[in-house]
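Note sheet for the following structure.
What follows is calculated from the coordinates using simple rules that are stated; it is not laboratory data. The structure presented is a predicted model; accordingly, all values stated were derived computationally and were not measured. As a convention, Cβ positions derive from the backbone with ideal geometry for all residues, glycine included, and neighbour counts pool all protein chains shown.
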């Protein structure tokens, strides 16, 4: 066991050193951030205590992000606050290899999923929706309601190893399937879908693929074009290091003609121009009093309202840091910690709920009444997620093997 842990620690050091030899400011930031507590907690997150391993629930923001939010609020006092929507959406587009015009805003990931269903004219068009038990629990409420309105909803079960297979989806996706909806990385156990394989299965039957990417955007490489994803959504308060109230909604621009606006608002039009109104001074008289001029593209479908500007200002700083540092670098830093958790807790008798070899940002183990761990975790200054049936640990770039050793020691053996 000790030899394994030393090997893992040595591997982490090698990855960290490798991240810093590529040159440029990005590699410098990566090298500094991957140095662990000394830099990340001291400079990026000075108020964060050691032992925080619950980033899949709510990721702490950096001091730069907090300063940007406060800066926007201060500018509101003077009336000089500036909107940065186009720039921020463009940066998120780069993160997932989309085009800037394919990114709209939604209030949350779940609301984005609702908007996609509505834009596809569900449930009126009927048919089947296929998802699985590792999708976000809030989505089940959406599909339960659509089922009550006539949709056929199939929720695939989890296999013994904590995965859902492509074979299960191949059998469930039929010619009358309208939508396949999954979490790219599951909040439950970190299982990661092969989105390219799923999109191929969905498209072969004329269905669309929606991916909830809130547990992968910002920590796992995503290429929506190569993966064939039709729709995706991610809130900012997890690995994008923002806050509640803002989500990025991606839709493939080639699908616009097949979509119906799910709601109607000022940002979906080019309406505030004199030729379209017969209401105001100097307008030509005419009827009707108002005629809309719908905006084109993805924005014309989904941009129903202005985003929360303070959260947007903070998201820009986080996106800059993620793009400069590189998601691949963050993933490489995290993986030895995930491997150490997997190997050690398995050896200590815990039943794994995360497939072996997973490269996602979180790992879960089955444990009845895992909430009983809360008191001793709190006394040790460690924060993870506990549930009646499992515990979940989700390290980030500011964590290191010291954090992993501490949580292993506190949880102990099965």
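Just a few scattered comments:
- Beta bridge orientation in region 151-253: antiparallel %, DSSP, nearest 5: 45
- Sum of -39500 (n - 2.57) over DSSP H runs of 4+, divided by residues of the chain (222 nm, nearest 500): -12000 deg cm²/dmol
- Most mobile of 147, 106, 207 in a GNM of the chain (Cα contacts under 10 Å): 147
- Across the chain, the mean sequence separation of Cα contacts (distance under 8 Å, 6 or more residues apart), normalised by length, yields a relative contact order of 23 percent.
- Ordering of 228-234, 240-246 by packing [mean C-beta count within 10 Å, highest first]: 228-234, 240-246
- Principal-axis tilt of helix 109-119 within the chain, Cα atoms, nearest 10 degrees: 40
- Projected label distance in nm at residue 86 and residue 70, using a 7 Å step from Cα toward the beta-carbon: 3.1
- Placing one equal scatterer on every Cα of region 157-238 and applying the Debye formula, the log10 ratio I(q)/I(0) at q = 0.13 Å⁻¹ is -0.39.
- Gain in span if fully extended, residue 323 to residue 343, counting 0.36 nm per residue against the direct Cα distance: 4.1 nm
- Highest average first, the peptides 392-402, 50-60, 305-315, 261-271 ordered by how many other beta carbon atoms sit within 10 Å of their residues are 392-402, 305-315, 50-60, 261-271.
- Theoretical gain in end-to-end length, residue 389 to residue 149 [0.36 nm per residue, Cα-Cα removed]: 83.2 nm
- Compared with the dominant Cα axis of the chain, that is its longest principal axis, helix 85-96 is turned about 50°.
- Peptides 342-354, 129-141 ranked from most to least packed, by the mean per-residue count of other Cβ atoms within 10 Å: 129-141, 342-354.
- Highest mobility in the GNM of the chain, judged by mean-square fluctuation with C-alpha springs under 10 Å and restricted to 237, 105, 72, is found for 72.
- Computed over Cα pairs, the Kirkwood radius of region 226-285 leads via Stokes-Einstein (0.692 mPa s, 37 °C) to a diffusion coefficient of 213 µm² per second.
- Among beta bridges from DSSP that stay inside the chain, the antiparallel ones total about 55%.
- Each of residue 204 and residue 63 was given a label point 7 Å from its Cα along the Cα-to-Cβ line. The distance between the two points is 5.3 nm.
- Largest mean-square fluctuation among 74, 97, 194, in a Gaussian network model of the chain whose springs join Cα atoms under 10 Å apart, belongs to 74.
- Helix 195-204 and the longest principal axis of the Cα set of the chain meet at an angle near 40°.
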